[in-house]
Amino acid sequence: MKISTKWEHYKEYTQTVSTICRRLGFAAAAIAWLFKNEDNSFPSKILQSLLFLMGFFLADIIQYLIASILLKIWIRGREKELWDMYEKSDADVEQPTWIDKPSEFLFYTKVGFLLFTYILIAIHVF
């Protein structure tokens, strides 16, 4: 099996994890809402879990924002180089690995935020 095929599998896996995590994020918000006090406040562990949940959603948005900005800048640079060299703006190019590093870091960060969200909810429940 080609390496490029394995990278496609990796891409599918990370997209699936992101989709599942978003659903779990909304579910965590609903679960936290169940523990709201009569005065519309939240117990401390639930409030902390909601803060981690906000971190999850922010990391999720920033992950894709940063990835799209870096990729656009890199693609535009390659287009200009190709045009200057060959007077065409499309060709096979190798993407450098540094472009995916911030996105990969944020991917694991957001999963960590979600994990801590559920740990704090569990600590409150048990």
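Things worth noting here:
- Protein heavy-atom surface of the chain, 1.4 angstrom probe: 66% of the accessible area is carbon and sulfur, with nucleic acids and ligands not counted.
- Here the chain is treated with +1 on each Lys and Arg Cβ and -1 on each Asp and Glu Cβ, and its dipole about the Cα centre works out to around 340 debye.
- In the context of the full set of protein chains, the range 5-126 has a per residue accessible area of 72 Å² (1.4 Å probe).
- Tail fraction, Cα-Cα pairs, the chain, threshold 25 Å, whole percent: 44
- Packing rank of 84-93, 115-124, where each peptide gets the mean count of other beta carbons within 10 Å, highest leading: 115-124, 84-93
- With eigenvalues of the C-alpha gyration tensor scaled by 5 and rooted, the range 53-99, Å: 31, 9, 6
- Taking Cα atoms only, the orientation of helix 44-86 departs from the longest principal axis of the chain by about 10 degrees.
- GNM result for the chain, Cα springs below 10 Å: residue of Q95, Q63, Q48 fluctuating most strongly: Q95
- Pairs of Lys residues in the chain, spaced 8 or more positions apart or belonging to different chains, with C-alpha separations under 27 angstrom: 19 in total.
The values are calculated or read from the model by the stated rules, or taken from the named source; none is laboratory data. What you see is a predicted model; the values in this text were computed from it and never measured. Every residue, glycine among them, receives a Cβ derived from its backbone with ideal geometry; neighbour counts consider all protein chains shown. Areas reflect the complete protein model, heavy atoms only, side chains present, ligands, DNA and RNA absent. Shrake-Rupley method; radii C 1.70, N 1.55, O 1.52, S 1.80 Å.
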